[in-house]
Amino acid sequence: MSKRINILDEVTINQLQAGEVVERPASVVKELVENSVDAGSSKVVIEIEDGGKKLVRITDNGSGIASSEVEKSFLRHATSKIREIDDLYDLYSLGFRGEALASIASVARIEMITKISDEPVGTKILVEGGKIISKEPVGTNNGTTIIVKDLFFNTPVRQKFLKSTHAETINISDLINKLVIGNPSVSFRYINNKKVMLNSPGDGKLINTIRSIYGKDITENLVPIDYETQFFRVSGFIGNNNVYRANKNLQHIYINKRYVRSKVILDAISEGYKSLIPINKHAVCFLNIEINPSKIDVNIHPTKLEIKF
């Protein structure tokens, strides 16, 4: 007997979508911090508790969301970053798909407080499992605070597959390091269980940002590079032959400030260092490649980690 074809309801669709976008607490941090950067923030505070499983709070001083737009921001495919498919090929923002808030809200309890400079008061909205619980005016500064509690509270199977608090915290810390290095003009403050883990200067100088995370031993062995052709510009820092690692964790590659994994670029780095550092060791580098967005496809991976040249 043939099975009937069912049209899924919106809640189920959002939760399935969340499986692609929100794999773990670090995914929540990534999507929300990218939104903060895209909103023009100069300061972002990231707070987590219990490896982000209990709480993630992101506070920024960006442009905020107008009161009339707040509910819309929780709809799937609601985005201020693109209007049509061609916009993907002229894209300089970190986020663009517009599914992040809807996906996170479908599997968590969210409180958002936001204000734009043109409005006298801000807006506070509570969303639980994708449903809007309340919305009210509130006194607050310009910018946005989003508090995400009890991730996967309504999908216990997914909650069961979360790793230990220590492992989830390491994932978040690694992600924050990548976001901070990709945005040296933004001052980041990272707080884990009420303990300050990182304060980046936000002075626009990449070397100072790297020093705030990896210390003097790394920064004293870095060589600045800035090379431009008619097709692209590559800038940043590469390690000399005194500094290397057993893995590729200190190879930070960005395309138009977006952290990416690119086999093409990583293989080129390995080839370039082959005769300079010991065998089975990996170079240290912090590189940003600026390229015309029409020459790359950023839309081939749900978490936007991979790109296609």
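Read-outs: derived from the displayed coordinates by stated rules, not from any lab. The shown structure was predicted, so the numbers you read here are calculated from the model rather than taken from an experiment. Here Cβ is always computed from backbone atoms with ideal geometry, including for glycine, and neighbour counts include all displayed protein chains.
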Karplus couplings for the stretch 272-282 from phi (6.51 cos²θ - 1.76 cosθ + 1.60, θ = phi - 60°), rounded to Hz, Gly and Pro as x? x, 9, 3, 9, 9, 10, x, 4, 6, 10, 10
With x for Gly and Pro, the residue-by-residue ³J(HN,Hα) of the stretch 113-121, computed from phi through the Karplus equation 6.51 cos²θ - 1.76 cosθ + 1.60 at θ = phi - 60° and given in whole Hz, is 10, 8, 8, 9, 5, 7, 10, x, 10
Given R₀ = 30 Å, FRET efficiency for HIS166-SER270 by Cβ-Cβ distance, to 0.05? 0.45
Surpassing 23 Å at the alpha-carbon level, of the pairs LYS163/LYS195; LYS160/LYS195; LYS178/LYS308; LYS124/LYS149; LYS149/LYS195, are LYS160/LYS195
Between ASP118 and GLU220, what is the FRET efficiency for a Förster distance of 51 Å, r being their Cβ-Cβ separation, to the nearest 0.05? 0.60
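When the chain is fully extended, how far beyond the present Cα-Cα distance does ASN154 get from GLU228, taking 0.36 nm per residue of separation? Walk me through the numbers before you get to the answer.
Working: separation 74, 0.36 × 74 = 26.64 nm, distance 5.02 nm.
Extending this stretch completely gives an extra 21.6 nm.
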